[in-house]
1. Going through segment 169-209 one residue at a time, which ones are of a type outside the set (Ser, Thr, Tyr), within 18 Å of MET280 (Cβ to Cβ) and surrounded by 21 or more Cβ atoms within 10 Å (Cβ to Cβ)?
2. Just a yes or no: is a residue in segment 244-259 of a type outside the set (S, T, N, Q), surrounded by 24 or more Cβ atoms within 10 Å (Cβ to Cβ), in contact with a His (Cβ under 9 Å, 6 or more places away or on another chain) and closer than 27 Å to VAL371 by Cα?
3. Determine, yes or no, whether THR461 is over 17 Å from the mean Cα position of the chain (by Cα), over 16 Å from ASP69 (Cα atoms) and either at pLDDT 95 or above or among the β-branched types (Val, Ile, Thr) (or both).
4. Can you name every residue in segment 412-427 that is among the hydroxyl-bearing types (Ser, Thr, Tyr) and surrounded by fewer than 20 Cβ atoms within 10 Å (Cβ to Cβ)?
5. I'd like the full set of residues that are in a helix (DSSP H, G or I) and among the charged types (D, E, K, R), limited to segment 199-231.
6. Could you please find all residues in segment 177-197 being under 18 Å from VAL208 (Cβ atoms) and not hydrophobic (A, V, I, L, M, F, W, C)?
7. Do any residues in segment 154-182 that are closer than 29 Å to TRP222 by Cβ have Cβ atoms under 7 Å from those of residues that are of a type in the set (A, V, I, L, M, F, W, C) and assigned to a helix (DSSP H, G or I), where the two are at least six apart or on different chains, and which pairs are they?
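The values are calculated or read from the model by the stated rules, or taken from the named source; none is laboratory data. Computed from a predicted model, the values in this text were never measured in an experiment. As a convention, Cβ positions derive from the backbone with ideal geometry for all residues, glycine included, and neighbour counts pool all protein chains shown.
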Amino acid sequence: MTMLRGYHRILGAAAMAAVLTAGPATAQTPLPSDALQTCAVSSDEFTSWQSSTGVFNPADSATFNDATDCNFFKWGAQMFLWLTSQSGGSYVFDGPNILDVVKTASGREYVARDGSAIGAFAPRTEKEDDDTGVAQTGGSGVLISPKGGIVHYGVKVNDLYAYYQTGVESTANPANFQGDLATDFPSSVDDMNAVVSYAKSTFGVADVPASEALAMEFKTAWIDASLVDNPDDYITVEATISDFTEVTPVTWLQTGTTEGKTMALVGFHVVGSVNGHPEMVWATFEHRNNAPQNSYYYYNLQGEPTLMAYDGNGSLSWLFNAAPKTSELPVTKVVERATFKSHTVQISDKLSHTVNLILADDGQTIGPNTVVRIAPWGDVAMTSSSSVGQTYEQTSTPATRATDLVSLNSSVLGLLGSDVRANYIQTGSIWSGGGADQIPTSGTDQVLRGTLRLANTTMETFHQFPDSTGTGTFTPENCFGCHSVDTNSSPSQGVSHIFSSIAPLVPAN
């Protein structure tokens, strides 16, 4: 019997185990050592991100300065370090001011992490079609590692997001939000204060901690830590998971039995509104061992374009790629092998039974995927130095953004030292030109800025650009290929697929 582990439920915060002292693993996405330092974080700046206890503070989204690409990348870096800090015996992302968003029969609901409440992480494969009719590989692609580990996912928001969503969506306790705040995520100090005031008056809270982070939504991706080469090189949590068992090589059944497991973090989407940007900034992070990436150009210390060749696979051992090194450049397709389906069997007129299955795609058997980061640093690949520009300029291009991200990651990882978070890198970030009339309508909207083909190899594995499914009907170039609205002036609330489906918070009696 072959077993896959389905991430079922995370235990309370008190049961969480963290590893924050391990050194970097040996097989990792290389960072060129001669990159121009265009977005490096200085030691003083890094220290300013931390409190006196060493816990990282959230970036001040309410007063964010959107003048440069680098500022956006640094915002993402600080937010990731804040969310993965430990405070009060738990990670911030699993602490009392962060809420799980759990799927229910009627929609979704918030689950508070108060030390006793049990949150839930649902498999990515349970993601249903959203309001745009689109999800990874039709909403049900399954990512499996060479060692047989299935990747599983959770969705969380911060409390300011929950208070804001409640104020907008609640019929029992509506907020009288004025102006753009009635339809757009908070994106200023005044917006922050309005949401905090509503939370105090409606819910009786003394304050909303870290309200300067504004509204945040994030997704995390996990794998059974026993199925990674160096589990001490990962952020881990303790969880109870459910099993899948092989029925045939093309059919796997979720059994419903559970057991305790340690789960390792492999991917993290950080999404949040900032000053002047109600569309939210979308930043993504990955473990450096996840997968190789295609070649790209960056600027060296002399300001000259330099090619970083395709880095896989050779002698390196990747978590989601066990194939021998290929000479085909660039790699343009990640083959999907299986999808998740919920199948309802009608037993009688009044009785039915639903089973959860992993089913092989046509012509495939269920098994591991060979993954590559198709768009290096989440951006358009440059094929020759002549297409890059012979010297570094301040104009935002794929090469300048790659240089920014290499210099940012190199400096942050160096400052982290032996902290386990030095094994995670920001692979890109995307946003719009800013303002309530700049909400993206597609992944190719001219208002978009940043790394324009952003995808996470653990979350958009099969929908990296170009689309790998072979259907030709869906080619989302980046996050906004799914998280978009009808017109540039449509409510920015529409970029969130969960906003209108969550049951609003209810004040305590």
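1. Listed by number, the residues that qualify are LEU181, ASP184, PHE185, PRO186, ASP191, MET192, VAL195.
2. Scanning segment 244-259 turns up no residue that is of a type outside the set (S, T, N, Q), surrounded by 24 or more Cβ atoms within 10 Å (Cβ to Cβ), in contact with a His (Cβ under 9 Å, 6 or more places away or on another chain) and closer than 27 Å to VAL371 by Cα.
3. For THR461, the condition - over 17 Å from the mean Cα position of the chain (by Cα), over 16 Å from ASP69 (Cα atoms) and either at pLDDT 95 or above or among the β-branched types (Val, Ile, Thr) (or both) - is not met.
4. SER418
5. Once the filter is applied, which keeps residues that are in a helix (DSSP H, G or I) and among the charged types (D, E, K, R), segment 199-231 yields LYS200, GLU212.
6. Within segment 177-197, PRO186, SER187, SER188, ASP190, ASP191, ASN193, SER197 qualify.
7. Close Cβ pairs (under 7 Å, with a partner that is of a type in the set (A, V, I, L, M, F, W, C) and assigned to a helix (DSSP H, G or I)) amount to LYS156/PHE93; ASN158/ALA213; LEU160/VAL195; LEU160/ALA213; TYR163/VAL195; TYR163/ALA199; TYR164/VAL195; GLN165/PHE499.
Results for (1) in contact (Cβ under 8 Å) with a residue 40 or more places away in the chain; (2) touching a helix residue (DSSP H, G or I) at 6+ places or on another chain (Cβ under 6 Å), shown as yes or no for each residue.
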site	(1), (2)
LYS341	yes, no
VAL345	no, no
LYS350	no, no
THR354	no, no
ASP362	no, no
GLY367	yes, no
ALA375	yes, no
VAL380	yes, yes
